[in-house]
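Data block below; observations after.
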Amino acid sequence: MAEEPRERAESSATAPSPDSSGEDHQLRRRRRGLLRMYYGVENEQGKEQDNPVDIDKAGFQPPVFMEKILRECSLNELYKKEERMKREIQELDSNMQYLVYENHSKFIKASETIREMKDDFQRLEDDMTHLGSRMEDITTASGSINRALADRKREIVKLCGVHHLLKKLQFLFELPSRLNKCMEMGFYAQAVKTYVKASRVLAQYQHMPSFSGIQSDCQSIVARLKSDLKNRLDDPNSTTSMTAETVDLLLALNEPPSQLCHQFLDNSQRQLEKDLAVIAAESEKEGERGAMDIVEYVNVVCSGFLANLSLVIQSCYDMFVKRHLMSTEKEELKRSEVAQQTLCEFIHSLMAQCLANVRRKLEKESVHLDSGQLVKAVDKLSGKLQAMNRLLPAAGLEHKSKQLTQQIAESHTSCHAQRLRQSFSDTLTSVRQALVTARRPSSQQDDSLNGHCTALYASIKSGLESSLGQLKAFIEPTVSFSDKRQFRETFCLCLVREGIVISFINHVLDTCHRFTETGDDQSPSYPPSLVLILSRLVHDMDRSTICYLVSYGDERFPPREQGPIVATPTTQLLRRAGDVAQELLDHYVKVQGQVISQMIRKSVETRDWLHTLEPRSVRSGMKRVVEEVTLLDKQVATLYEDGAKKEQGSEGGSRHTYSYTQGGKGYPYSR
């Protein structure tokens, strides 16, 4: 209603012609007006003044409206207005029918619901009335019963107490026979439970003759019971669980805890030593028929010795340590500390033997270089020790677990490093033998120099990649001990990077450098071409191989420097490799120069120059020197073909110069 004047003004200002958009707007406005009329919505400033020509208002006057439209509209417009009004009337009728039907159905449902609620409340009211009458009857009957039994109530209570007391007395009088029966049937736990239940009453009334006799009979039976339990405790065939149960029964019979603790641990030690004997026997087997693999061996250790030791720890802690810790007396707390110290010493003595055998077996397995199986076994053993450490943290089994894991990792990485050194040594030996077999240089041998150099390079690269791939198992996310920061840092930096990668590179450089240590007056026991091959190998290591191998290891085992442990810089290795390559090349030049000079010297000294004829051709000795120099030239060119080669011709022959550089530093070789 409040918005109507504004809307009418906007519609009249925009398009007075009766087009389709104007009709829709007029229809929506009329609908809103009908809804306002239906719900009685009024303007905040009061009702709008009646308009006699507005068909949506209460003051609408048809004659005035007809006169207005006849005066303003043409015949076609009147037809259109008539059709539009018919459509609006039909639409309003359908809307009104829908509203009436919807509201009518809701009213019907509401009335039905109210009727049902009235019926339910009526039935509920009747039920409550009936219940109230019944409660009154019950109250009346209860009052009458109480009045009738009021005189006998005290007598009934007294008789019940007497009956209960008689049952207790009957239990006490039958106690010796019950204990004997339990002893005969071997039900020691039931016998102890029965005696403990009655011992307090017997001690309280022991001054009475009847109870004194029962107590003396029970004490003699309990003495025999203690003797039987102690005999079972000393039985070597008793299991750990049986021993723990026996000690628990003796403690319930007030036996001295300290004495029982030592006796319990001594008997448990005898049982555990049997498991240790099995572990020791299996650790000595290696390659024998029927010998266990490492994972099976660790399963036997965990399910046998360690499982039984865990049961002993749990039982001893509950019986002798935890029981005294719950007390507030200083004497009891002191007993608890003594028992815990005794238990820790017991654990340390047995675990030292067990871990020594396990370490021996694991170190033997490390030689096989199967890292996956080894890590699986160590992980299972470490998890078991961690679980045992939670039973008694004071025993320090977590430290022993870390120490064992570190020792096995060191042993295994040492075996991998030894295998790498041995593999390189074997390859170098085979290359040396191949060169010795073809002692005389030839074109075929020249072609094989590159093959020998490639074989040495492959031995270094593939061997190191294979070892690092195997050792990756130690830091897999599924391995429990790999998430320990101290182990991970030590393993990656000390054991892998420094202990394998850097150590192996230094070993290769040391091995190559030893070929330059021949004395001046000694002839080398190896072919000089081997020194040339090694010089090229070390030169390639200086250029790319060292950087590749170090980065390959760092990517798979990211090192983190900690404390005094510092990673060896790559530049240090590169400098050393460059120096070794230069020394090898210088030594090769020196050895080959001595060979050629010896040939020339022998050629001159063996000829009688005073009686010889005038030379008319090149002597055979000089031809051999030239051939030797030519073959050396081909060998150098085969390995250093990427170097710069310069030729300077002359009448007397030719001179070739080879050189290679790395990082601005030159390693010249000239002839």
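The values are calculated or read from the model by the stated rules, or taken from the named source; none is laboratory data. None of these values were measured; they are calculated from a predicted model. FYI the Cβ positions are ideal-geometry reconstructions off the backbone, even for glycines, and counts take in every protein chain you see. These area figures cover heavy atoms from the full protein model, side chains too; ligands, DNA and RNA do not enter into them. Shrake-Rupley method; radii C 1.70, N 1.55, O 1.52, S 1.80 Å.
Side notes on the structure shown:
To keep it simple, each residue is scored yes or no on (1) in contact (Cβ under 8 Å) with a residue 40 or more places away in the chain; (2) surrounded by fewer than 20 Cβ atoms within 10 Å (Cβ to Cβ).
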position: Ile347; (1), (2): yes, no
position: Arg359; (1), (2): yes, yes
position: Glu363; (1), (2): yes, yes
position: Lys376; (1), (2): yes, yes
position: Asn389; (1), (2): no, yes
position: Leu392; (1), (2): yes, yes
position: His399; (1), (2): no, yes
position: Lys402; (1), (2): yes, yes
position: Glu410; (1), (2): yes, yes
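- Qualifying residues in the stretch 549-594 (those that are open to solvent by 70 Å² or more (accessible area, probe 1.4 Å) and β-branched (Val, Ile, Thr)) - the one modelled with the highest pLDDT: Thr571
- Some residue of the stretch 581-602 being within 30 Å of Gly499 (Cα to Cα) and of a type in the set (Ser, Thr, Tyr): no
- Residue within the stretch 222-233 that is in a loop (DSSP other than H, G, I, E, B), over 40 Å from the mean Cα position of the chain (by Cα) and surrounded by 13 or more Cβ atoms within 10 Å (Cβ to Cβ) present: no
- Residue in the stretch 51-59 that is of a type outside the set (A, V, I, L, M, F, W, C) and surrounded by fewer than 11 Cβ atoms within 10 Å (Cβ to Cβ) present: no
- Within the stretch 334-345, the set of residues being modelled with pLDDT under 80, surrounded by 14 or more Cβ atoms within 10 Å (Cβ to Cβ) and not small (Gly, Ala, Ser) comprises just one member, Arg335.
- Residue count for the stretch 499-523 under the criterion of being open to solvent by less than 50 Å² (accessible area, probe 1.4 Å) and modelled with pLDDT under 90: the result is 4.
- Residues in the stretch 71-87 that are under 16 Å from Val53 (Cα atoms) and of a type in the set (Asp, Glu): Glu72, Glu82.
- Candidates Gln190, Gln219 - the one that is more than 45 Å from the chain's Cα centre (by Cα), over 30 Å from Val312 (Cα atoms), at pLDDT 75 or above and part of a helix (DSSP H, G or I): Gln219
- Filter result (over 12 Å from Gln635 (Cα atoms) and either at pLDDT below 80 or outside any helix (DSSP H, G or I) (or both)) within the stretch 428-462: Ala438, Arg439, Arg440
- Filter pass, Lys86 being closer than 30 Å to Asp217 by Cα and surrounded by 10 or more Cβ atoms within 10 Å (Cβ to Cβ): no
- Among the residues making up the stretch 237-255, those that are part of a loop (DSSP other than H, G, I, E, B) and either open to solvent by 60 Å² or more (accessible area, probe 1.4 Å) or touching a Cys at 6+ places or on another chain (Cβ under 8 Å) (or both) are Asn237, Thr239, Asn254.
- Screening the stretch 139-171 for residues that are of a type in the set (Lys, Arg) and under 30 Å from Ile214 (Cα atoms) and picking the one that is nearest to the chain's Cα centre (by Cα) gives Lys168.
- Residue match in the stretch 569-591 (condition: more than 19 Å from Phe424 (Cβ to Cβ) and not in a helix (DSSP H, G or I)): yes
- Glu329 being at pLDDT 75 or above, of a type in the set (D, E, K, R) and open to solvent by 60 Å² or more (accessible area, probe 1.4 Å): no
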